[in-house]
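Note sheet for the following structure.
We did not get these values from a lab; they are worked out from the coordinates using the rules stated. Computed from a predicted model, the values in this text were never measured in an experiment. A quick note on method: Cβ atoms are made from the backbone with ideal geometry, for glycine too, and the neighbour counts reach across all protein chains shown.
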Amino acid sequence: MALLQISEPGMSTAPHQHRLAVGIDLGTTNSLVATVRSGLSVVLDDEAGHSLLPSVVRYHADCGVDVGYAALSAQNLDPHNTIVSVKRFMGRGLADIEDIASLPYRFVDAPGMVQLRTVAGVKSPVEVSAEILKVLRQRAEAALGGELLGAVITVPAYFDDAQRQATKDAAQLAGLNVLRLLNEPTAAAIAYGLDNASEGVYAVYDLGGGTFDISILKLSKGVFEVLSTNGDSALGGDDFDQRVFCWMLEQGRFSPLSAGDARLLLTKARDAKEALTEHTEVRVTAVLSTGEMMDATLTQAEFNAMTASLVSKTLTPTRKALRDAGLTASEVKGVVMVGGSTRTPCVRQAVADFFKQTPLTNLDPDKVVALGAAMQADVLAGNRAGDDWLLLDVIPLSLGLETMGGLTEKVIPRNTTIPTARAQDFTTFKDGQTAMSVHVLQGERELASDCRSLARFELRGIPPMVAGAARIRVTFQVDADGLLSVSAREQSSGVEASVQVKPSYGLGDEEITRMLKDAFTHAKDDMYARALNEQIVDAQGLIAATRAAMAEDSALLNETETAAIETGIAALEKLMAGPDHQAIKRGIEALNAATTEFAQRRMDRNVRRAMAGQKLETFG
Amino acid sequence: MDFTQTHFELFGLPQSYALNRDMLDSAYRELQNTVHPDRFASQPEAEQRVAMQWATQVNEAYQTLRHPVNRGVYLLKLQGIDALDANNTKMAPAFLMQQMEWREAIDDARAGKSMDTLDALSDDLHAAHRRIEAQLAELIDAAHDYAGASEAVRQLRFMDKLIAEVGDVYEELES
């Protein structure tokens, strides 16, 4: 596959001009933004030349916000209002967070997702993440000199639906158009696979600051097919720091720590861990605000011993992923190391021992995810012609429903390729039953109470019938972002009742709107003008695409149909001249509806063409 | 999208249990290359929606044909037979006896915490799986014995469950 094709400056990819699109790695410890420039994927630096943006947000009483290095340096000073590793709280309830006692935050238990009380008010992890994304968006817009068409945002492959939804909400809140949520190991595989023109089965071992993923991929003729994925969404470099921190407490025998001193020691713990990647021992010293001191030496052997159980905790999901893929370690052609924590020598050694080969580390483990995401963003924006690669990814955890007796019935098993849809039929168990409650679950466990609850909703208005006569079809649809929507419909009587749900851990549209309003009151942007501008841009894009399709495929439409679409375009153009963004939105929806049949015909024709070529290839 | 088309027709393959896996994989890739939502990410919503429906359908068809049990169930369904009908549980006594022996062997491996026993058992189960697949091809494609094929499909399902149980024991022993 011709890759990294260099395009001459000024030679835009006709007929469209180059669309600005970026890849964003929203990490536990650091975040990055990258883009494809002149055919090459590059990380965009800030003005001071830093590529990494520490994923740290500090809130001030005057509603000011620091993000990145400025916030990082304040974490010991102002630990309650300086949020680090917020990714660990995304889509998580209070009960999900294990080491709550050692964290300096004032948690607020809220339905769905935990929140944090700061000097600037209560903040949800979605809002905190949005602050990080906003800084990256601004960095990209300044570097690229224009508004972004959209972004690919990466998530750990093992993120469940609630965590994915939270990430997408954060991006939306930061004013980003999400082209796709992309799994981090898959992004890394793009960056690696395409650079090395690889074919065969690869494992991506991704140990970040707070999450662990293992993905097994098959690379073949430009297709990246994820065979299986597994992981632990609460295991990462932070846990290694925690082990060193505990060792420091043993060494120092301190009186109970203040939040600031605890942060200080954690920072020292991380420094010690990082020093041990290059040295066989490190001297660890600290002076607390109480005047207490510690001065001790940590050897690499001691460090390896205290973290051995964490390393072996990554191998269990690795074995599961291989088994799900129906493969053994010896069938894996290469192992790609991703995430800052794979710099730790004992991690590299354990992976090398397990796969009996030296893992690939030639791309910077901190940057490889963002680089791959940028390459995918470039494809999704339509900037490349013809020689695109294709990603076929999977869902990491089974999706199901609670059935009688509190058991889980799997509807879509883990490692199913997305997009996917499955329907399951249910019936009523009482005469005259008019409602049925649906409880949507994610996880592998048999008991519903052991799985993550994604949503509960009730289907009402079922016509009264004898028990067992109603036919209620529950449909699960997982889109290409790995996000689930569920609908239920009673079919036997012709009466339909249906409902679409968003997972309860995601934010409702009203909540997003509220946050957007909050965000805009503190910004100079005029929300209304922005909304109007966005709708006009969308409408222009739709009209241009529709015209292009009609010019290309006029043969697929008869005169009446052509006239109907022309009418839709004319109506939308008229609305665009007006001031009402809601009306433009409705006009866009109407034109979309009017062109659906046309889109279907075009796709049918494309499929016929592709399969005709296929037959010649296979039989010829 | 033509919903009257069979999964075999979709991929341009002959309607048979015997499967040319390379041809299936290559047709699948070609189709996903054409219909996948990533190809339409910057297109209007109508096109994105059509792409998601198509890609979903292509994935469903691929999973059905690729999986030995699902392919058997699907082929029999095209003949108007429900192989997994809850009222039809006929199973050869010899197969049931063998089942019990395997189940005991799994329990023994678990109790003895023996990886080697488990590896050997796993090999046996996979070999038996392949034998039944070959029988199924014979029953459906040559003999057109759909009652016999239904039983073979049910046997394959049993084998899948046993293989999954062995996987669970691996997990237990590894952790």
## Note on the structure
Checked against the positive end of the charge dipole of chain A (+1 on Cβ of Lys and Arg, -1 on Cβ of Asp and Glu, about the Cα centre), the farthest of A:Gly150, A:Leu392, A:Asn177 is A:Leu392
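Using a simple charge model, +1 on the beta-carbon of Lys and Arg, -1 on the beta-carbon of Asp and Glu, nothing else, what dipole does the range A:78-222 show about its Cα centre, in debye to the nearest 20?
Values: 14 positive and 17 negative charges, 49 e Å.
Roughly 240 debye, rounded to the nearest 20.
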### Query
Per the Cauchy relation, a quarter of the hull surface: what is the mean projected area of the convex hull of the alpha carbons in the range A:107-181, in nm²?
5.8 nm²
### Query
Which value in nm describes the separation of the simple spin-label points at A:Ser255 and A:Arg456, placed 7 Å from the Cα toward the beta carbon?
4.8 nm
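Filter the trypsin sites (Lys or Arg not before Pro) in the range A:408-482 to those in DSSP coil with at most 16 other Cβ atoms within 10 Å of their Cβ, and list the result. Show your work: numbers first, answer last.
Details: sites: A:Lys410, A:Arg414, A:Arg422, A:Lys430, A:Arg445, A:Arg452, A:Arg456, A:Arg460, A:Arg471, A:Arg473; in loops: A:Arg414, A:Lys430, A:Arg445, A:Arg460, A:Arg471.
Those satisfying the criteria are A:Lys430, A:Arg445, A:Arg460, A:Arg471.
Between Rg and the Kirkwood Rh of chain B, both from Cα atoms, what is the Rg to Rh ratio? Mind dumping the intermediate values first?
Working: Rg = 19.8 Å, Rh = 18.5 Å.
Value, to two decimals: 1.07.
Calculated from DSSP H runs of 4 or more alone, at -39500 (n - 2.57) each and per residue, what is the 222 nm mean residue ellipticity of chain A, nearest 500? Don't skip to the answer; put the middle values down first.
Values: 13 runs with 229 residues, N = 620.
Calculated at 222 nm, the ellipticity per residue is -12500 deg cm²/dmol.
I need the fraction of alpha carbon pairs in the range A:547-597 separated by more than 12 Å, rounded to a whole percent. Don't skip to the end; give the middle numbers.
On the way: 824 of 1275 pairs.
Pairs farther apart than 12 Å: 65 percent.
What are the equivalent ellipsoid semi-axes of the range B:7-66, built from the alpha-carbon gyration tensor (square roots of five times its eigenvalues), in whole angstrom, biggest first?
Values: eigenvalues 126, 20, 11 Å².
Listed largest to smallest, the semi-axes of the range B:7-66 are 25, 10, 8 Å.
Can you work out the FRET efficiency for the pair A:Val287 and A:Ala529, with r the C-beta to C-beta distance and R0 = 41 Å, to the nearest 0.05?
Values: r = 53 Å, r/R0 = 1.30.
After rounding to 0.05, the efficiency reads 0.15.
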### Query
How large is log10 I(q)/I(0) at q = 0.10, 0.12 Å⁻¹ when the Debye formula is applied to the Cα atoms of the range A:263-420, each weighted equally and without solvent?
-0.62, -0.82
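Please list the three semi-axes, largest first and in whole Å, of the ellipsoid equivalent to the range A:141-231, using sqrt of 5 times the eigenvalues of its alpha carbon gyration tensor.
Details: eigenvalues 129, 66, 23 Å².
Result for the range A:141-231: semi-axes of 25, 18, 11 Å.
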### Task
Report the charge-dipole magnitude of the protein assembly as shown in Debye, nearest 20, computed about the Cα centre from +1 at each Lys and Arg Cβ and -1 at each Asp and Glu Cβ.
540 debye
### Task
Considering the convex hull of the alpha carbon atoms of the range A:39-138, report its projected area averaged over all viewing directions, in nm², one decimal.
7.7 nm²
### Message
With +1 on the Cβ of every Lys and Arg and -1 on the Cβ of every Asp and Glu, and nothing else charged, how large is the dipole of the range B:93-174 about its Cα centre, in debye rounded to the nearest 20?
### Response
260 debye
#### Entry: Listed residue (B:Gly112, A:Thr342, A:Asn30) projecting farthest to the positive dipole end of the protein assembly as shown, Cβ model
A:Asn30
### Query
Running Debye on the range B:73-175 with equal point scatterers at the Cα sites and no solvent, what base-10 log of I(q)/I(0) appears at q = 0.10, 0.14, 0.21 Å⁻¹?
-0.33, -0.60, -1.03
## Note on the structure
Contact order relative to length for the range B:93-174, counting C-alpha pairs under 8 Å separated by 6 or more residues, stands in percent at 39 percent
### Query
Put +1 on the Cβ of each Lys and Arg and -1 on the Cβ of each Asp and Glu in the protein assembly as shown; which of A:Pro317, A:Thr403, A:Val84 then has its Cα farthest toward the positive end of the dipole?
A:Thr403
### For chain A: relative contact order, % (alpha-carbon pairs under 8 angstrom, 6 or more apart)
13 percent
## Note on the structure
So the pair-distance distribution of the range B:48-89, from every Cα-Cα distance in 5 Å bins, comes to percents of 5, 23, 18, 20, 14, 11, 7, 2, 1
### Cα-based helix-to-principal-axis angle, A:559-576 vs chain A, degrees rounded to 10
50 degrees
### Message
Can you give me the orientation-averaged projected area of the convex hull built on the Cα atoms of the range A:401-487, in nm²?
### Response
5.6 nm²
### Message
Please report the spacing between the Cα centers of the range B:106-155 and the range A:318-380 in Å, no decimals.
### Response
34 Å
### Task
With springs only between Cα atoms under 10 Å apart, run a GNM on chain B and tell me which of B:Leu156, B:Leu31, B:Leu136 wobbles the most.
B:Leu31
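Relative contact order for the range B:7-66: what is it in percent, counting Cα pairs under 8 Å that are at least 6 residues apart?
Numbers: 38 pairs, mean separation 21.8, N = 60.
The normalised contact order for the range B:7-66 reaches 36 percent.
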## Note on the structure
Evaluated at 20 °C and 1.002 mPa s, the Stokes-Einstein D of the protein assembly as shown based on the Kirkwood radius over Cα pairs, in µm²/s, stands at 75 µm²/s
### Task
Could I have the simple spin-label model distance between A:Lys333 and A:Gln349, label points 7 Å from Cα toward Cβ, reported in nm to one decimal?
3.1 nm
